[in-house]
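Student: Take this structure first; my questions come after.
The values are calculated or read from the model by the stated rules, or taken from the named source; none is laboratory data. Keep in mind the model is a prediction, meaning the values are calculated, not measured. No Cβ is skipped: glycine too gets one built from the backbone with ideal geometry, and neighbour counts run over all protein chains shown. Quick note on the areas: whole protein, heavy atoms, side chains included, nothing else; ligands and nucleic acids left out. Shrake-Rupley method; radii C 1.70, N 1.55, O 1.52, S 1.80 Å.
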Amino acid sequence: GMPGGGGGGGRGAEGEERPRELEMVQGTYAPLSGDQSTSAGGTGGAGPAHGAGGRGERLALEDRILELFDVQRPSFNTLVGVVVITNAVFIGLETDLGADRFVVVEHFFVVFFFFEMSLRIRQQGLHHYVTDGWCLFDASLLAIGVLDLWILPLVTLGKRGSGGFSHLTTLRLLRLMRILRLLRVLRILRLFSFFTTLIMLTRAIGKAFQVVCSLGVLVAVMDYVFAIFLTQVVGQHAEDWASVGKQALIEKWFGNIGASMRTLFDIMTLDEWSDVVVALSEVLPSFPIFIFFTSYIVFAAYTLVCMVTALLSSQLIQAQQDSKEQRLHKVEELRNLIANDLRTLIQEGHDSPLIEAAYLKEIVDDDHMLITKLEEVDIRITKDGVHFLIDQLVIDDYVSIDYFVEKLVNLSGSAKSASVVDLKHLTVHGRVQILQLQDNIAHLDKKWSRDLEKLHKKLDLLAAARAAQEASQPTSAKQMEA
């Protein structure tokens, strides 16, 4: 346990006093209540350690509960999706077997969805809830369920005790309740908000629908032109087929433009096209008739279907790319949020950009939600793995906070992201070393300039002394001659 303010506990075998900033970090990370903080501040030894242990267990339990009911986690949304599917199954059973047998089950579903709505409002905020389309859809379905199961029966029971409704009012209430029960099946649409694949398919179909409608207009125009041609050539001469007993069929198929367009549509779907060709070939030349309708089928049935299939495939691929980009963007935002929170937690009350490795491991061990948060950005690592990462980044028992945070949140995906972080910090470290070398060179340059200046002064003094010596030599010679 961490020693109290008056305890002054040691740190390992060295016996050094624990820095005050670490106590501030751990104090803000695991806040105490009023009595406990007084106890921790005024006493030392085993008492605070026991309190810290109790706080750790209590925080771990609270974190597990929050993790279980976290509306952002995929596991919670999967649970809600299973309940939605189960509710849809029971709605089908109510339709076949009667709703009276499943009233209790329907009450459970309403209570569950009300609990879900409360969790989302509490964790995401009321503003986010009322501005999200799916949340409003959920709220409207929940209001329908509450009105159907709780409010209308209470109103009906109250009126029954005071004399009851009229027969017409009762029928209207029963009709309203029946409509509300039918609307509950719309809850199955909530699956689109839980499964991204369904959303992706819906978006692809929606984007391709406009072009599909354009192809439909093209087919309609083509059928209209061919219908005019067939009505004038075949339908208005149906008596030519009286000799073979098929005048009624010709009038049915090509008697007017509407009938001709319907016949062409049937042929496009490969329905009765061989009967039409055989009937027309009994009076008209068979080869041109066969070529005409075969060409029409190849274009209208096969070519257009292939175009629609290719269009849907293209839109589906584009929707997959958009979904992947959105997910990467969301993961990047969550990664930055985790990095900022972790950096703030470590730097709380700590001004230095470096932190001792042992203290950093303690902070990591106290964060029970760290591993869960990292899993949300596809980082699979354990506490031992985080300790191993810290040991890799240790330089003289200290770790750079920024380097550790960026390295930790970039462990997922390809190896390039982690390598970029290493390269970034190596570049920064190299730049610092270059600046230090520049400072050393400048210091040496100044020192050498001063030494060179002193050397020049000494040389000047030596030159002056030599000149004075040479000037004094003739005088000495004359004195020797004398």
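Student: Spot the failing condition for residue 266; the list is (1) of a type in the set (D, E, K, R); (2) out of contact with any Asp or Glu (no Cβ under 7 Å at 6 or more places or on another chain); (3) surrounded by 13 or more Cβ atoms within 10 Å (Cβ to Cβ), and only one is missed.
Tutor: Going through (1) of a type in the set (D, E, K, R); (2) out of contact with any Asp or Glu (no Cβ under 7 Å at 6 or more places or on another chain); (3) surrounded by 13 or more Cβ atoms within 10 Å (Cβ to Cβ) one by one, residue 266 breaks only (2).
Student: Take the conditions at pLDDT 90 or above, under 26 Å from residue 277 (Cα atoms) and not polar (S, T, N, Q) and apply them to residue 305. Does it pass?
Tutor: no
Student: What residue, among those in the stretch 269-282 that are out of contact with any Asp or Glu (no Cβ under 7 Å at 6 or more places or on another chain) and either charged (D, E, K, R) or over 17 Å from residue 300 (Cβ atoms) (or both), is surrounded by the most Cβ atoms within 10 Å (Cβ to Cβ)?
Tutor: Per the stated criteria, the residue is 280.
Student: More than 27 Å from residue 370 (Cβ to Cβ), touching a helix residue (DSSP H, G or I) at 6+ places or on another chain (Cβ under 6 Å) and modelled with pLDDT under 90: is that true of residue 319 in this structure? Even if it seems obvious, please write down each step before you answer.
Tutor: On the way: more than 27 Å from residue 370 (Cβ to Cβ): yes; touching a helix residue (DSSP H, G or I) at 6+ places or on another chain (Cβ under 6 Å): yes; modelled with pLDDT under 90: yes.
Judged against the criteria, residue 319 is a match.
Student: Moving to a separate point now. Can you name the condition, by its number, that residue 360 falls short on among (1) of a type in the set (A, V, I, L, M); (2) within 19 Å of residue 335 (Cβ to Cβ); (3) touching a strand residue (DSSP E or B) at 6+ places or on another chain (Cβ under 9 Å)?
Tutor: (2)
Student: Please go through the stretch 214-248 and give me each residue that is under 24 Å from residue 314 (Cα atoms) and open to solvent by less than 60 Å² (accessible area, probe 1.4 Å), ordered by number.
Tutor: 215, 216, 219
Student: A further question follows. Of 471, 442, which residue is more than 23 Å from residue 399 (Cβ to Cβ), at pLDDT below 85 and in a helix (DSSP H, G or I)?
Tutor: 471
Student: Also, I was wondering about something else. Scan the stretch 284-296 for residues that are surrounded by fewer than 16 Cβ atoms within 10 Å (Cβ to Cβ) and β-branched (Val, Ile, Thr) and report the count.
Tutor: Of the residues in the stretch 284-296, 2 are surrounded by fewer than 16 Cβ atoms within 10 Å (Cβ to Cβ) and β-branched (Val, Ile, Thr).
Student: Follow-up. Restricting attention to the stretch 270-288, does a residue exist that is at pLDDT below 90 and within 47 Å of the chain's Cα centre (by Cα)?
Tutor: Checked the stretch 270-288: at least one residue is at pLDDT below 90 and within 47 Å of the chain's Cα centre (by Cα).
Student: Take the residues of the stretch 297-317 that are closer than 15 Å to residue 216 by Cα and of a type outside the set (A, V, I, L, M, F, W, C): which is most open to solvent (accessible area, probe 1.4 Å)?
Tutor: 302
Student: Based on what the data block shows, is residue 458 part of a helix (DSSP H, G or I) and either loosely packed, with under 10 Cβ neighbours inside 10 Å or modelled with pLDDT of 85 or more (or both)?
Tutor: When the stated conditions are applied, residue 458 passes them.
Student: Condition test on residue 294, is it out of contact with any helix residue (DSSP H, G or I) (no Cβ under 8 Å at 6 or more places or on another chain) and modelled with pLDDT of 90 or more?
Tutor: Yes; evaluated as a whole, the condition is true for this residue.
Student: Quick check on residue 102: is it buried (at least 16 other Cβ atoms within 10 Å of the Cβ) and of a type in the set (Phe, Trp, Tyr)?
Tutor: The answer is yes for residue 102.
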